[in-house]
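Computed from the coordinates by the stated procedures, all read-outs in this text should not be read as laboratory data. From a predicted model like this one, the values you see are computed outputs, not experimental measurements. Cβ sites come from the backbone with ideal geometry, for glycine too, and all protein chains shown count toward neighbours.
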Amino acid sequence: MANVSEAPLFGRLTRRGRLMAKRTCDRRGHAFALGRFLFRTPTAWEYAAAVACGSDPAAQRWLGWLPDSVVEESLRAEAMRVVPGTGPDWATPDPHSVDIVAIDLGAGRCAGLVSVHSGEDGGPETGGYLAPGYRGQGLGRDLFAAGLLLAHEHLGLFRVRAGAEVGNVASGRSLEAAGLRRAAGPPRYTLPNGRVSEAWWYQHDSPRPHRCTGPQAQWLAG
């Protein structure tokens, strides 16, 4: 039996979670369902959970974040227990990236993140990652397909690119399964932590992109 003091709080969180599990865009954020997930502009707590999803060593092998961006192992499990739809608005999003969190509504948890962001050459790129429990199941296809949908149907982009480190076969297969195709590009790219890697590049075009009512990135203007 739940502690009496805990029950009302849990009720508020789950009710708010259901209310915030919207599937349409508005001026406050993007939202759409694809495959197993609901993709949505995260709350501050959801964003923290999404960061924890990519903080394990296996993910960091490819992501290469700065050390102060990685959630410590002792805090990851707690961060990933965030109830979707809870927490304040994310007040300080990256001005060079449009991020959406992947929410598994059936499990009631955040499962990863995908973004459309400014690449090294200033052009739009997509990229993302899944939490450990969602890897190796073919779900990368849906993750990167969501990145394409965000780029073409929400941000009005004709073209979006993606990079994968040479040797990251799983990422390459997921990108191709989502519809991206190999393209020419710089032979190397630099991860946030300064590590330089050899790169495979992928590209996807849309002849008739669309902008939704959700927030648009300033760096995409013009």
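So how many Å³ per residue does the convex hull of the Cα atoms of region 26-207 work out to?
Normalising the Cα hull of region 26-207 by residue number yields 117 Å³.
If each DSSP helix of 4+ residues adds -39,500 (n - 2.57) and the sum is divided by the residues in the chain, what number results at 222 nm, nearest 500 deg cm²/dmol?
Mean residue ellipticity, 222 nm, calculated: -7500 deg cm²/dmol.
Show me 23-30, 197-204 ranked by packing, highest mean number of other Cβ atoms within 10 Å first.
The packing order, highest mean first, is 197-204, 23-30.
Using the 10 angstrom Cβ neighbour count as an exposure proxy, how do Thr41, Thr86, Thr126 rank, fewest first?
Thr86, Thr41, Thr126
Count the DSSP beta bridges whose two residues both fall in region 26-207, then state the antiparallel fraction as a percent rounded to the nearest 5.
Given both bridge residues lie in region 26-207, the antiparallel proportion sits at roughly 95 percent.
So what's the gap between the Cα centers of region 45-94 and region 118-169, to the nearest angstrom?
Each part's Cα centre sits 18 Å from the other's.
For the chain, what is the charge dipole size about the Cα centre, in debye to the nearest 20, if Lys and Arg each add +1 at the Cβ and Asp and Glu each add -1 at the Cβ?
Dipole size: approximately 740 debye.
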